[in-house]
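Student: One structure follows; several queries about it will come next.
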Amino acid sequence: MNKKITFTTTLLATLLFSSFSYAEESSSEKYTSSYTSIDEKDCITLDSDDLGSIQECEPFGNIGVKVVEGDIRQSITLTRKNREYILNFQSTVKVGFSTLGSTLEWRHEKGKPETVKGMIVRLDVNEDPEDLDKIISYLIVSKITADNICVVGKIFPQSNQEELARAMLDAKEELPCLKSNIKKH
């Protein structure tokens, strides 16, 4: 009888896992990623002084990208149709000092980059003023809709960090903006 219960449990677990994997594959089959650089060498400096800088980087379709640095903290402002969307990373994570990764990941339907759903960027943060070498590497997830661009989540460091960030954007449900990130100009 124990063999029968074990077999049934194993079969159920396998079926559930297969269904979950199929759902993930279906979503990942519909969406893909494109990448643009925000490395300083690939961007144009628009403004710079002792307090910080603003660099314009490669756009993605009709979405412009600016890397903003001030007080040893980096963030991104996206532009579209003469509107700026300030992605306020400082309020998303407990920020001491921060630096962005060198690449933006844009999530969109396969073969349709104009249907961009969101953007993912790495943000390396020092949260411990006593130990400046202690860095936590988050992925910041921002949604892009016809009406809004805002930060919707941060993914803590873990082995499947990239998959979790992509799954967040690929989900069917509407993601709310993080309250402290609703800034349009």
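Any read-out appearing in this document is the output of simple, stated calculations on the displayed coordinates, not a laboratory observation. Note that the structure is a prediction, hence the values are computed from the model and not measured. Cβ coordinates were reconstructed from backbone atoms using ideal geometry, including for glycine residues, and neighbour counts include every protein chain displayed.
Student: Round to a whole angstrom and tell me the spacing of the C-alpha centers of the stretch 92-149 and the stretch 152-177.
Tutor: About 11 Å separates the Cα centre of the stretch 92-149 from the one of the stretch 152-177.
Student: Stretch GLN161-SER102 to full length: gain in nm at 0.36 nm per residue minus the Cα-Cα span?
Tutor: On the way: separation 59, 0.36 × 59 = 21.24 nm, distance 1.70 nm.
Length gained, GLN161 through SER102: 19.5 nm.
Student: Quote to one decimal, in nm, the extra length available between ARG83 and ASP71 on full extension: 0.36 nm per residue of separation minus the C-alpha distance between them. Let's see the in-between values first.
Tutor: Values: separation 12, 0.36 × 12 = 4.32 nm, distance 2.45 nm.
Length gained between ARG83 and ASP71: 1.9 nm.
Student: If you take the C-alpha gyration tensor of the stretch 42-133, multiply each eigenvalue by 5 and take the square root, what semi-axes do you get, largest first, in whole Å? Spell out each step's value before the answer.
Tutor: Working: eigenvalues 130, 54, 23 Å².
Semi-axes (√(5λ), whole Å): 26, 16, 11.
Student: What is the calculated FRET efficiency for THR145 to GLU58, with r their C-beta to C-beta distance and R₀ = 22 Å, to the nearest 0.05? Intermediate values should be presented prior to the final figure.
Tutor: Details: r = 22 Å, r/R0 = 0.99.
Step by step, r from the Cβ atoms, then E = 0.50.
Student: While we're looking at this one, here's another question. By the scheme Lys and Arg +1, Asp and Glu -1, what is the net charge of all other residues having a beta-carbon under 14 Å from that of ASP49?
Tutor: On the way: positive: none; negative: ASP47, ASP50, GLU69, ASP71.
Computed value for this residue: -4.
Student: Could you tell me which of the pairs LYS41/LYS81; LYS81/LYS134; LYS110/LYS134; LYS41/LYS154; LYS66/LYS117 are separated by over 30 angstrom between their Cα atoms in the structure shown? Write down the numbers at each step before the final one.
Tutor: Numbers: LYS41/LYS81 26 Å; LYS81/LYS134 39 Å; LYS110/LYS134 38 Å; LYS41/LYS154 26 Å; LYS66/LYS117 19 Å.
Beyond 30 Å between Cα atoms: LYS81/LYS134; LYS110/LYS134.
Student: Based on the alpha-carbon gyration tensor of the stretch 123-178 and its eigenvalue square roots a ≥ b ≥ c, which shape applies: rounded if a/c is under 1.5, prolate if not and a/b is larger than b/c, or oblate? Walk me through the intermediate numbers first.
Tutor: On the way: a/c = 3.87, a/b = 1.91, b/c = 2.03.
It is oblate, given that a/c is not under 1.5 and a/b is not larger than b/c.
Student: Which of the listed residues, LEU87, LEU123, SER102, is farthest toward the dipole's positive end in the stretch 67-124, when Lys, Arg count +1 and Asp, Glu count -1 at the beta-carbon?
Tutor: Going by the Cα projections, it comes out as LEU87.
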